[in-house]
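Student: If you scroll down you'll find the structure; I have some questions about it.
The values are calculated or read from the model by the stated rules, or taken from the named source; none is laboratory data. Being a predicted model, the structure only gives us computed values, none of them experimental. As a convention, Cβ positions derive from the backbone with ideal geometry for all residues, glycine included, and neighbour counts pool all protein chains shown. We work out accessible area using only protein heavy atoms, side chains counted, and drop any ligands, DNA or RNA first. Shrake-Rupley method; radii C 1.70, N 1.55, O 1.52, S 1.80 Å.
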Amino acid sequence: MATAKKPTTRRKITPPAPEPALCPDCDGKGETRETVRVGARKMRVTDDHQTALCLTCWGTGHATD
């Protein structure tokens, strides 16, 4: 004897989570870059750069709430 088929149900599709906004200070990179200045009075700008962790997003690159 054949058994009766159960009706199929549709799967619920969950929408993808929205991507978090980028940090406005570091543009989503997680690091900030500043030029190195030397000298006591005139503060001459050199060609060197220094990178540091972004203090707004703590290096994640995502904007805080």
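Student: Enter the per residue convex hull volume of the chain, computed from alpha-carbon coordinates, in Å³ rounded to the nearest integer.
Tutor: 148 Å³
Student: Can you list residues whose amide H is under 5 Å from residue 59's amide H, if they're 5+ apart or on another chain and H is modeled 1.01 Å from N?
Tutor: 54
Student: Which residue, 32, 51, 14, tops the fluctuation ranking in a GNM of the chain built on C-alpha contacts under 10 Å?
Tutor: Of 32, 51, 14, the most mobile in the Gaussian network model is 14.
Student: Which of the trypsin sites (Lys or Arg not before Pro) found in the chain are loop residues per DSSP with 14 or fewer other Cβ atoms within 10 Å of their Cβ?
Tutor: Passing sites in the chain are 5, 10, 11, 12, 41, 42.
Student: Additional query: For the stretch 20-64, give the magnitude of the charge dipole about the Cα centre (Cβ charges: +1 Lys/Arg, -1 Asp/Glu; no others), in debye to the nearest 20.
Tutor: Around 320 debye, computed over the stretch 20-64.
Student: Find the accessible area per residue for the chain; the probe is 1.4 Å, ligands and nucleic acids are left out, and the unit is Å².
Tutor: Heavy-atom SASA per residue in the chain reads 104 Å².
Student: Now a separate question. For the chain, give the percent of accessible area contributed by carbon and sulfur heavy atoms, probe 1.4 Å, rounded to a whole number.
Tutor: 53 percent
Student: Could you tell me how far the Cα centroid of the stretch 23-65 sits from the Cα centroid of the stretch 1-20, in Å?
Tutor: About 49 Å separates the Cα centre of the stretch 1-20 from the one of the stretch 23-65.
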